[in-house]
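> One structure follows; several queries about it will come next.
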Amino acid sequence: MMKRVRLIVLIVQRVLITAAVFFAAIVLIYFTAIDPRERYSSCDRLCNPADWPRICRFQLVIEKRTLFRDGSRILRNGISDNTTSQRDRTEQGSPSFSYYTVNGRYVGPTLTVCEHDFLVVDVENRVAGESIALHWTGQSQRRTPFMDGVPMITQCPIASYTRFQYKFQADRAGTQLYHGFAGGERTRGLLGALVVRSSSEQRRPEGIPSTESVWIVTEHGGQLGVNGERHWQESIPGNATTRGHRIRLLYASSCRYWLEVEHHRLTVLALDGSLLGPAIVDRVLLHDGLRMDLVLHVGPGTIKPDYEIRFTPMDKAESCYQRSVFRLQYEAPLGPQSIEHNLSQPAAERIVLDLAGETNHSEAQAGERILHLKDLHGDQFPTNLRSCDTRLEFTITSQVVADFAGGPFEDEMYHETVHAVNGFTFAFPSVLMLREPASKELRPQICGPRSLPRKCHPMMARCECVHVAHLEAGQRVEMVLINADPANDYTYQLHGHTLFVVGVADGHRSDPRKISRHFDRPPARDTIVVQRDSVLVVRFVASNTGAWLLRDIGARGWSRGLDVVLQVGNPQYPTPGTFSIPTDFPACHHFVGPRYFLI
């Protein structure tokens, strides 16, 4: 009898426990911010640290269009829209150009989320004959390095007319960018803003303006456009004059332009998504890949409802020659009472911010002071980076090599420019590197301090291989970039990590160990400019396990040979809890057919 009573009591206890667990789960789901019926706009909200992260779903459809200068559309996704063939039009001498669209627009939509939200982005490639991949700048991809968007390194490229779903957590707040991996895609419309809001920045004591805009500045054919428009104008609410107006600026062009706003001063809040000690300037030199947060303040002078936004080319290069002017309008009429709190004090001198290092103090005009990256202060600098555990040194070179094969025609001579880092010209692997790091097929393709492919014995003018540098997880790294090219600057971006520029010197023959180090809160960045004939010293913590690309973003295609893969940790035996590649994740392999032919 007692056994039966105990059994009944045990069953009742289990039923009650199960019911309590289900009830608690229902209550938890009900009161969290996760709602499977949420729409696109639901993630654009005021961020509250007490809220649960949301799941933000987006769909991006990538297409490509070809236009002729008369404005008539000839090709869309490789398919002719009229009876006149592309060959006929080309032979008639009508110049054409191609560009990409995202959801039907040149320059894609802005994706706005809160820090720690989860993004689920379905990307559909409708471009005929081109494989693509999307990179998400500024995001560490700490637990999802396979979502970093690097073809053949972290994922297989997205083939034409197929889809790929990116899933990752937005763990770094700030103004970020998503874009096609190839440089020609990024500068021709396949890009968009990724705005990751933070509850902490909304509580900053100095205050953040209540109004903001996103400016995506691109260049095509020597002319600039903002947010995909060449005749764009900015309209700002009249109440923005009391605290200023925030601009989230993203720049994608190999041309360098000076930005200034008529009768306004610019307060620089952040670079590459990382906060700064605010710096007030009058104009800024924009370089490729730059992401910057600015606050516009009406300066002393004439008060009027509309002003000029001026982009002036730094030099008169053949492809970067045209000055662009856009309009900035305040929606409400401006009077002295409406902007008296926003008027900045008259400046004793004009302050110019040059983040690319193109100008020096001797070139400053009368009454002008030039600021460089070293003159800015970041929000914080890790004290443990005052020393380092390991050191990497990369020398960038380029040389013109004659094509002894004679090119496509035997009676003509050709040459090509060969780019290399430490003598290695980067080439992508033939297998998915992150998934199969120990592949027998991959091993002979890798080069670096530890290995040299057999085809590179002896070292010739071109040694194409997968250039890899190995790092242990958690190491403090000093990386020295030496640009031995006397004619060209190079812009580099490091995926998955944040850099601190601690030293710079002119002359590529300078001894890096003798360059003075700057540890007074240097700004945190992920995109840097290595000037021609110079040495740049950066430090960072290799905190994320995976294969991360140090990328030359100036390449028009996937690469021109100046990239390096930083292999952090042992990919065969990753640290528990870091990341795990899904079992059904796409793999890239050769197809060699059956071993025997059947007759």
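Each reported figure results from applying straightforward, stated rules to the coordinates on display, with no laboratory input. None of the values given here were measured: they were computed from a predicted structure. Reconstructed Cβ throughout: ideal geometry from the backbone, glycine too, with neighbour counts over all protein chains shown.
> Work out from phi, with θ = phi - 60° and the Karplus expression 6.51 cos²θ - 1.76 cosθ + 1.60, the ³J(HN,Hα) of each residue of the range 219-229, listed in order in whole Hz, and give x for Gly and Pro.
Once θ is set to phi - 60°, the couplings for the range 219-229 become 10, 8, x, x, 10, 8, x, 10, 6, x, 10 Hz.
> Check cross-link reach from residue 167 to the lysines: straight Cα distance under 21 Å, and skip same-chain residues fewer than eight apart.
none
> To continue, here is another question. Using a cut-off of 29 Å between alpha-carbon atoms, which lysines can reach residue 374, once sequence neighbours fewer than 8 places away in the same chain are excluded?
Within the straight-line limit of under 29 Å, residue 374 reaches these lysines: 316, 514.
> Which order do the peptides 7-20, 467-480 come out in when sorted by mean C-beta neighbours inside 10 angstrom, highest first?
467-480, 7-20
> Amide H of residue 283: which non-local residues (sequence gap of 5 or more, or other chain) have their own amide H closer than 5 Å, using H built in the peptide plane?
It is 351, 353, by chain and number.
> Order of 249-260, 275-286 by packing, highest average Cβ count within 10 Å first?
249-260, 275-286
> Would you mind checking which residues have amide H under 5 Å from residue 269's amide H? H placed 1.01 Å from N; only 5 or more apart, or other chain.
Residues meeting the amide H criterion: 293, 294, 295.
> For residue 455, which lysines qualify as cross-link partners when the Cα separation must be under 30 Å and same-chain residues fewer than eight apart are set aside?
440
> Would you mind putting 518-530, 173-185, 373-385 in packing order, based on average other-beta-carbon counts within 10 Å, highest first?
173-185, 518-530, 373-385
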